[in-house]
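Rule-based calculations on the coordinates, nothing more; no lab input. Computed from a predicted structure; not experimentally measured. As a convention, Cβ positions derive from the backbone with ideal geometry for all residues, glycine included, and neighbour counts pool all protein chains shown.
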Amino acid sequence: MGAIDLSPVPSLGERAGGERRWETDPEAYWATIDAATTGLDAPVLAADLDALRFNTEQLLRRAGGKPIRVASKSLRSRPVLDALLAVDGYAGVLAYDVAEAHWLAVSTPERPGCPDVLVAYPSADLGAIAALAADPEAAARVTLMIDDAAQLDLIDAAVPPSRRPDLRVCLDIDASYRAPALGFMGVRRSPVRTRAEASVLAVTIGGRRGFTLVGVMTYDAQIAGVGDRSLHRPGAAAIVRAMQGASWDELVARRGEILTDLRRIADLEFVNGGGTGSLERNAADPNVTDIAAGSGLYGPTLFDDYSHFTPAPAMGFGLAVTRRPAPDTITCHGGGWIASGPAGSGRVPTPVWPAGLHLLGREGAGEVQTPLHGDRARRIPLGDRVWFRHAKAGEPCEHVNEFVIAKDGGVEATAVTYRGEGKAFL
Ligand SMILES: Cc1ncc(COP(=O)(O)O)c(C=O)c1O
């Protein structure tokens, strides 16, 4: 068992037309992952190394040479983060919590810390902010997110500027879209939307002791995180595509104007944009210097419905079959690994292997047991495993201490998760 090597494999790439077992023979693909983990007790989380490498390459190709800042919430495993950052074209982390960012930035005898960690969300965790400010190495490596002068006050309340080094801050600019008829599209993040609002806050930051404005971030959630290809609802998909096109044009124009103003106010080191679903678009905008992405590595089900790319379904979790309540129904132990976000059928795990099994509408994926129905269930003995895919990328890692990286029916490596390292940030 060795270190995790995510170097892209050109022969698996789409351009090279290499073999993609997850598409050509999904039954065999999942059976091989199952075989790799035979000796391990369920629930077991696993990722296929070839699929991870395929996804590593796909993200790079879609970023068109612009550095990818790795969204840690979508990986939640430090060795996997390190493995991705070791690949040319990946640089820096987009973290989700100040304590997490601090932990990732610190160097230890075992591993060098990450020199560039951007916290994507503002924080009111005064303890974590104080700890960061008390650690000069980490404070120089971590950038905090700001979209309101009141957040500067919170930081000052944690440690006054006289007792800390200057802290690096980034301005979050609202990238949502007000669509005709559809209304608000995107996520409720920053109140800073206009040129005037951005300039006022940048000037405020510049005038405050103890802060340096070093970057700008825009997250186009309504593009990056919304699939534009629904096989079941082609009409809705066409509306999504039209909305995304209009939203992108609006964002590029507004972001460009805001940046022209901000560059007169501060020396910006970076402009971060996008996510897994909007790499190409952000790659094409010269204003963006690095693009965030993470979900595209594990390839969860929420990323199955995009017209311009299809990640390999690299990660799955296996549950043990423990009961047979009816001849065509089996029950697995555990399974309620429900994804965050608006509750609905798209957020539950999808049984993928053996094929032909379905969740029951009235029970879904349960806290401690998950019944599955289908003719195939008749031939699955108790003790066997059923494999599921999660709807989101990082969240399965909150359920296990480590996961298996499988290759050709064997275990290539084991990746400890944040949880496995005793880290539960949110
Ligand atoms: C600020 C920000 N950038 C980028 C992303 C996209 O991350 P991913 O590509 O892992 O879906 C997210 C996800 O929520 C985000 O909050």
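Cut-off is 10 Å between beta-carbons; in what order do 171, 152 appear when sorted fewest neighbours first?
Working: 171 25, 152 20.
So the residues, fewest neighbours to most, are 152, 171.
Taking the Cβ of each residue in 352, 216, 368 as the centre, tally the other Cβ atoms inside 10 Å and list the residues starting with the fewest.
Numbers: 352 20, 216 27, 368 9.
So the residues, fewest neighbours to most, are 368, 352, 216.
Residue-wise, which Karplus ³J(HN,Hα) couplings in Hz belong to the stretch 135-145, taking 6.51 cos²θ - 1.76 cosθ + 1.60, θ = phi - 60°, and x for glycine or proline?
With the stated coefficients, the stretch 135-145 comes to 10, x, 4, 5, 4, 7, 9, 9, 10, 8, 9 Hz.
What is the distance, in nm, between label points placed 7 Å from the Cα along the Cα-to-Cβ direction at residue 261 and at residue 401?
5.3
Given the options 403, 184, 317, state which has the largest fluctuation in a GNM of the chain using a 10 Å cut-off (strictly under) for Cα springs.
184
Stretched out fully, how many nm does the piece from residue 242 to residue 204 gain, at 0.36 nm a residue minus the Cα gap? Don't skip to the end; give the middle numbers.
Numbers: separation 38, 0.36 × 38 = 13.68 nm, distance 3.72 nm.
That works out to 10.0 nm of additional length.
What FRET efficiency comes out for residue 178 versus residue 375 if R0 is 45 angstrom and r is the Cβ-Cβ distance? Round to the nearest 0.05.
My answer for the efficiency is 0.40.
Quick one: which residues, 5+ away or cross-chain, put their amide H under 5 Å from the amide H of residue 97? H built at 1.01 Å from N.
So residue 97 has HN proximity to 120.
If a helix is a whole DSSP H run, which ones in the chain reach 30 Å or further along their own axis (Cα) and hold a mean Kyte-Doolittle hydropathy of at least -0.5?
Working: long enough: 234-265 (46 Å, 0.03).
Length and hydropathy pass: 234-265.
Hey, how many Å between the Cα centroid of the stretch 76-115 and the Cα centroid of the stretch 20-66?
22
Does the stretch 228-305 come out rounded, prolate or oblate by the C-alpha gyration tensor, with a ≥ b ≥ c the root eigenvalues, rounded set by a/c under 1.5 and, if not, prolate when a/b is larger than b/c and oblate if not? List each step's numbers first, then the result.
Values: a/c = 4.28, a/b = 1.72, b/c = 2.49.
Here the stretch 228-305 falls in the oblate category.
Need the list of aspartates and glutamates near residue 392 for cross-linking: C-alpha distance under 16 angstrom, and skip anything on the same chain fewer than eight residues off.
In chain and number order, the partners are 304, 305.
Under a plain spin-label model, where a point goes 7 Å from the Cα along Cα-to-Cβ, how far apart in nm are residue 368 and residue 324?
2.4
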